[in-house]
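Below: the structure, in structure tokens.
No value in this document is a laboratory result; all are computed from the given coordinates. The structure presented is a predicted model; accordingly, all values stated were derived computationally and were not measured. Cβ: placed from backbone, ideal geometry, glycine included. Neighbour counts: every protein chain shown.
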Amino acid sequence: MFRKVHLYLTALCAGITTAIIIVMSLLYLYLSEKELYDTQYRSFQNDINTIATSLEQQAVISMEWLSKMESRSGYTFYALDNGIPFLYNRLTNLSVTSDTANTADLLSSCMSVYKNSVEYTNIQEELSSGGLYNTCFHAEFPFNPEGGKNEYYAGVIELEKGTASLQIVILSPLDSLQEQITRQRLRFLLIDMAAILLLTLFSFFFTGRLLQPVIESRRRQTAFVAAASHELRTPLAVIYSAAECCRDAEKENRLKFLDTIRQESKLMTSLVNDMLTLSASDNHNFSVHPAPIELDTLLINTYEAFEPLAAEKKLSLSISLPETALPTCTADKERIVQLLSILLHNAISYTPEGGSIELALAHRKNRFYLSVSDTGPGIPPEDRKKIFDRFYRAEKSRSAKGHFGLGLSIASEIVKLHHGSITVGERVGGGSVFTVVLP
């Protein structure tokens, strides 16, 4: 299931980012290409204006002048005197043609567009009385003989003097501009493909990382349910067996079976309460109500509550407190008592007869250190990282002592809610020591 979700999230994340990249790239290309066309068109218009000004001063339009202007500007010139083509145009070919259309056809098509489509709004200036010509018109327009993309910028200059007229047709090929645009599109295509590939890989690993907490939570939930079912199975089986035996047992034996049922019911009640506590923690309903408390007083009360139980197990329970006065600690009193009870109950359960347990409190650098140490069998180093996991038991016989592997998990949750830390280490001389640090 999670594999499909991983793939779906990867496709969604990569698809959205890919769409954004494509849209932004297309928008940039459109604006960039439009700017390139506009820039070249404005440059062409300025050149036509300069050429028109130069023509006004030419009494004779020679082949040498036309050839010089072509080589200087890179444009193609076509001259007509009273509608009759110059000899220059019959001796040379238009190098800008990219198809089989001949010079006459290209000129005819250009003049047709000029006369039928271009409005004379560009320039019509009356020359001064000292000029060689009376009037000068010039117009610029995009021109494509095939009706497709613009292949040329065309300019037509008309000079009139009396009944004589001179027309100069100037064509600027857009081949180099279109090649530049094609290279730019290709670069963007390669960059976008590389970006999409990298984003897809990033999305795959990123969504995988996002799903890890969900997968881990699902795994822990499954393990929790399986372990809880396993733990509940034993007391339920004992209760069921004891209840069956009660039906035919004598009165004295019946009381023993009832005691067994009561004892197993208490274990089940403890297990269910612990499970409800951890469930509340998972649902963020395991809250604390911090208030100023005196930890030394709280430790003394806890010590007095557990001292009879330790004496019953023939254990020595001691307490160690600082000699100087301690500041108050902001914490939930009931949760701290629950935390200490879990640690002391574990220590009493696993410390052999004749052993000792010490409850200690210290204050250093604005932190409180609570510790519970015992002279029990200790916890192997490889198990210390897992000791706070739910239903984890380093000692397989712990269930026989009424432990289900949930107490330390609850203790860890309490410490986390107080923004502290809890660790377990080896006691000098043997045994274990649990240390809780509270801010």
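Okay, here's what the table says:
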item	result
Mean Cβ count within 10 Å, highest first, over the residues of peptides 204-211, 56-63	204-211, 56-63
Rg(Cα) / (2.2 N^0.38 Å) computed for the chain, rounded to two decimals	2.13
Hits among aspartates and glutamates - C-alpha to C-alpha of Lys314 under 12 Å, sequence gap 8 or more where chains match	Glu353
Straight-distance crosslink candidates among lysines, where the alpha carbon sits under 16 Å from Lys333 and sequence neighbours closer than 8 are dropped	Lys416
Most to least packed among 35-42, 337-344 [average Cβ atoms within 10 Å]	337-344, 35-42
Percent of alpha-carbon pairs separated by more than 20 Å within region 291-438	45
DSSP bridge pairs, the chain: antiparallel proportion in percent, nearest 5	90
Nitroxide proxy distance, nm - points 7 Å out along Cα→Cβ at Tyr8 and Ala59	8.8
